[in-house]
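Data first, discussion second: the structure below is written as structure tokens.
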Amino acid sequence: MQKKHSFVLKGNICYSNSNKKLVICKDSYVVCQEGICKGVFRELPSKYETYSIKDMGDHLIIPGLTDLHTHAPQYAFRGLGMDLELLEWLNTHTFPEEKKYADLTYAKKAYQMFVDDLKKSAVSRAVIFATMHVEGTKVLMDLLETSGLETYVGKVSMDRNAQEGLQEESAETAAAAIRQWLQETEGHYEHTKAILTPRFIPSCSDALMAEIQKIQKETGIPVQSHLSENPGEIQWVQELCPNSSSYSDAYYQAGLFGGTCPTIMAHCVWLNDEEMSLIKKQGVFIAHCPQSNINLSSGIAPVRKFLDKGISVGLGSDMAAGYSTSVLRAMADTIQCSKLRWRLLDTDQKPVTLEEAFYMGTAGGGAFFGKVGSFLEGYEFDAVVLDDSALVHPQELSIRERLERLIYLADDRQVKYKFVKGNLIYEKNKKLLTNE
Ligand code: GUN
Ligand code: FE
């Protein structure tokens, strides 16, 4: 077990206390007591005076960001193959790359690059697809564990419509592989958790979905998958599941759609109102992945509707349909896409605000991990210190304006320190700080 740290950070502190409100405290103190946030104070209460104070000067301090949907093995081909829609893209670029993770030497090399990138970013939490390979998935989990990031990792399940070398033989073999993976990783990690990962309905037979539901019921482990990303995909699901009333209903009928089964569904671009009501009722989290939706010409998700209906929404990079690992970038993309939807598709759906985008990238997605993504009292202490001094400007800017510019202009170079559950896991220009 790691030592639980108590300390204070001083600087310009920004966080959400709801999806409509950004709290901005210039030159203030945020207190970490044994990994838990005790709140933000303009004057440091005397009971914390004995804590060490780390003065961040004029830097901004924000909660760690959550990437609610990403694919570690696809990092290798980021920025490539952006000329196709989903189903062709999977067959042409994604499946051939994912096959390579049967080779552990390749897996180790490629996953190390992904983890190094994530470690230097403003992300403190991530929910990650690996591949269908048990051993390769364990390699990824080992690397993530040493990074100090808090993650969920899924061994992907897929027993139909894939390719030779990237498809499990049967539902039974696929279920046995999940059980082996869970058994071999159980109790192994402090920061890295398992998540059941049926790739999407076209990749998973009814029998496999039933096996996964059985395992979910036995273990209580959450589930992640893809939903309603592309019109051709949705049509295909209707053909594969003729007794379902919608794509969402196909997951619901399989018992893998919220309720007692904590669930994240990526994309949700083309949901109808009935599906949104089911998502809300079942407490399913939506991972909104705007950059991916642009690159694969999937469409523009109705995020304004999600928010107005009170659905839980976080942001995903969806590497490598999205080419950027940055969740700050995902906030900017969310705002930009929502403006296009408002202008082109539905003038009743107002664009997403900066406050809402920041909320989704912090507390919105963080909620999947519990009390994560804010500096309200009782939240787990994930914090990122951002140095915006290289983003020069001649005029005076408020802290809010500086945060806005960071959302649009920042990259890893602005990340100076990153704390996860009170542990300093990254310091710019230093090698990874080991977890004491
Ligand atoms: N649907 C099924 N698999 C995938 C994937 O790897 N990426 C995306 N964007 N959608 C998917
Ligand atoms: Fe995805």
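The values are calculated or read from the model by the stated rules, or taken from the named source; none is laboratory data. In this text, all values refer to a predicted model and were calculated from it rather than measured experimentally. Neighbour counts run over all protein chains shown; Cβ positions are idealised from the backbone, glycine included. Just so you know, the surface numbers come from the protein's heavy atoms only, side chains and all, with ligands and any DNA or RNA stripped out. Shrake-Rupley method; radii C 1.70, N 1.55, O 1.52, S 1.80 Å.
A few remarks follow.
- Table column - 3J(HN,Hα) (Hz), the range 373-383, Karplus curve with 6.51, -1.76, 1.60, x for Gly and Pro: x, 8, 9, 5, 4, x, 6, 5, 8, 10, 9
- Accessible area in square angstrom per residue, the chain, 1.4 angstrom probe: 40 Å²
- Candidates GLY187, GLY314, GLY364, ranked by Gaussian network fluctuation over the chain, Cα under 10 Å, top entry: GLY187
- At the residue level, ARG125 shows approximately 0 square angstrom of accessible surface with a 1.4 angstrom probe and all protein chains present.
- Computed over every Cα-Cα pair of the chain and binned at 20 Å starting from 0, the pair-distance distribution P(r) comes out as 27, 58, 15, 0 percent.
- Farthest toward positive dipole pole in the chain [+1 Lys/Arg, -1 Asp/Glu at C-beta], among GLY81, ILE425, ILE294: ILE425
- Less than 5 angstrom separates the built amide H of MET158 from those of GLU168, all sequence-distant by 5 or more or on a different chain.
- Counting only lysines at least 8 places from LYS309 when in the same chain, those with an alpha carbon closer than 16 Å to its own are LYS20, LYS280, LYS281, LYS350.
- Solvent-accessible area of MET158 with every protein chain in place, 1.4 Å probe, in Å² to the nearest 10: 0 Å²
- For LYS54, the solvent-accessible surface with a 1.4 Å probe is about 80 Å², rounded to the nearest 10.
- Label zone (LEU340, point 7 Å along Cα-to-C-beta; backbone nitrogen cut-off 19 Å) within the range 391-431: 408-409.
- Extended-chain gain in nm, criterion 0.36 nm per residue less alpha-carbon gap, THR146 and GLU396: 85.9 nm
- Highest mean first, the peptides 192-203, 57-68 sorted by other C-beta atoms within 10 Å per residue fall in the order 57-68, 192-203.
- Surface composition of the chain: carbon and sulfur make up 50 percent of the accessible area, probe 1.4 Å.
- Charged-residue dipole, Cβ positions (Lys, Arg, Asp, Glu), the chain about Cα centre, Debye nearest 20: 1340 debye
- Figure note: THR362, THR173 ranked by solvent-accessible area, largest first, 1.4 Å probe, ligands and nucleic acids not counted: THR173, THR362.
- Selected from ALA102, TYR48, LEU68, residue furthest toward positive end of dipole (the range 33-112; charges at beta carbon): TYR48
- Exposure rank, largest accessible area first [SER245, SER312, SER121; 1.4 Å]: SER245, SER312, SER121
- Inter-probe distance in nm under a simple model that places probes 7 Å from Cα toward Cβ, at GLN183 and LYS281: 3.8 nm
- Straight-distance crosslink candidates among aspartates and glutamates, where the alpha carbon sits under 20 Å from LYS108 and sequence neighbours closer than 8 are dropped: GLU97, GLU98, ASP116, ASP117, GLU135, ASP142, GLU145, GLU150, GLU184
- The residues LEU340, LEU87, LEU143, sorted by heavy-atom accessible surface at 1.4 Å with ligands and nucleic acids left out, run LEU340, LEU87, LEU143 from largest to smallest.
- Pairs with C-alpha atoms separated by more than 26 Å, drawn from the list LYS4/LYS193; LYS109/LYS428; LYS100/LYS217, are LYS100/LYS217.
- Computed lengthening from ASP55 to GLN238, 0.36 nm per intervening residue step minus Cα-Cα distance: 60.2 nm
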